[in-house]
Every structure is written in structure tokens, then in C-alpha cells.
Amino acid sequence: MRVSLIRIFWIILVSILISFVYNHFNPNGLNLIREERVLIWEDSSALDNSEKDSLLIEKNFSSNTGELTHNEMNQSFDQPKAIKIDFAYKLFKQNVKFIDARSVEEFAEGHIKGAVSIPFYGSEEYQSVLNQISKDEYLVTYCDGDDCDLSILLGDELFQKGYKRVYVFYGGWQDWLKNNYPVEK
């Protein structure tokens, strides 16, 4: 017996519909429409200009020594927060750990002084490095520049792994170089 093409078509169509319905109601289902990731900035004034960024830094690092206050040290985020160059440099001066999301080759060509390389593509291979970082520690992820989203993706991944104090340095490596801040090779 030959199965008619119409019957095959209906079987395939019903199978596809069942899979869409299952995916829709499954809590771990896949998004069929890509949702654009919206960055939450450390403070809305961080988007305006460097003067306001400086005020933001003073607000967030308010003690006379420039150290993080006790309340600020206990702050955790709902999701990674985006920051610009001035705030990133202030965190750098506070010895906050920077994580380079670029490839190992790009990291070897140059990186922010003291940064650790955890490339987003292949980050699971760097679990031993992550195990040495406290989940209570402030972290800053960065990649090449503002057109690179690897730092956002890595920041989200770290956040999902339990690191609740993650900043995403929006200007990245290019902004760092433009400002002649400390680098290593």
C-alpha cells in the first residue's frame, strides 16, 4: 500500500503543531522569537556624559578613601549592570576583578592590567578559574568595544552561575586603550 502524500502532509503538520504547543507550555521551552537584551545601567545618569558619570562614581563610592562602603559591599544585583569607562576605571582602582570575554589570542595581544581571560566561547573550559573567584566578589566583564556583545553574554552566564555582582563594561578594550589606562601583554 502506498501512503498518500496528503496523509504524509497532515502527519507532518500535526507533528509540528504538537511540538509548538509543547514548546510553548514547557517552562524550559525555546524562544521562537529572539528577544533583544536590554542593558540596565548602573544609574540612568551613566548614559548622559562624563560629568554625570563622575557624580555617579562619587555617589557609589562615597567614603573619603574611595573604598566601597559596607552597604555597597553587600549590594547584589537583579541582573548584570552596564557601566561606562569612568566607572570601570574607578572599579579598577578598587582592585575589582576584570574578566576578558574575548578570545585567548586577543587577550594575549593585550588586555586590561590584572584581567583574567575567560572567553565566552569556551567558557565552560575555564571552570577552574571561576572556582577561584568568590561569588560575593564584584566582577567586571569586557570585550572589544561597544559593538561587541561577548561581555554581555558572559556577564549573563556568570550571573546565572551565582555571581550576583557583575558589571558589564560597555566601552570595553577600545575605550580602555583610548584613555591610556594600564594594560598588559
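Arg165 passes all but one of (1) loosely packed, with under 13 Cβ neighbours inside 10 Å; (2) touching a strand residue (DSSP E or B) at 6+ places or on another chain (Cβ under 9 Å); which number fails?
Looking at each condition in turn, Arg165 falls short on (1).
Only one of these conditions is not met by Ser151: (1) among the hydroxyl-bearing types (Ser, Thr, Tyr); (2) part of a helix (DSSP H, G or I); (3) more than 11 Å from the chain's Cα centre (by Cα); (4) under 22 Å from Phe77 (Cβ atoms). Which number is it?
Of (1) among the hydroxyl-bearing types (Ser, Thr, Tyr); (2) part of a helix (DSSP H, G or I); (3) more than 11 Å from the chain's Cα centre (by Cα); (4) under 22 Å from Phe77 (Cβ atoms), only one is false for Ser151: (3).
Among the residues of region 88-118, write down those that are more than 21 Å from Leu39 (Cβ to Cβ) and of a type outside the set (A, V, I, L, M, F, W, C).
Matches in region 88-118: Lys93, Gln94, Asn95, Ser103, Glu105, Glu106, Glu109, Gly110, His111, Lys113, Gly114, Ser117.
Of the residues that sit in region 75-95 and are over 16 Å from Trp176 (Cβ atoms) and among the charged types (D, E, K, R), which one is surrounded by the most Cβ atoms within 10 Å (Cβ to Cβ)?
Lys81
Condition first: under 17 Å from Phe87 (Cβ atoms) and in a loop (DSSP other than H, G, I, E, B). Can you find one or more residues in region 167-177 that meet it?
Yes, region 167-177 contains at least one residue that is under 17 Å from Phe87 (Cβ atoms) and in a loop (DSSP other than H, G, I, E, B).
With the checklist (1) in a loop (DSSP other than H, G, I, E, B); (2) at pLDDT 90 or above in hand, flag the one item Leu158 doesn't pass.
(1)
The values are calculated or read from the model by the stated rules, or taken from the named source; none is laboratory data. Remember, predicted model here, so these are calculated numbers, not experimental data. All Cβ positions, even for glycine, are placed from backbone atoms using ideal geometry, and neighbour counts span all protein chains on display.
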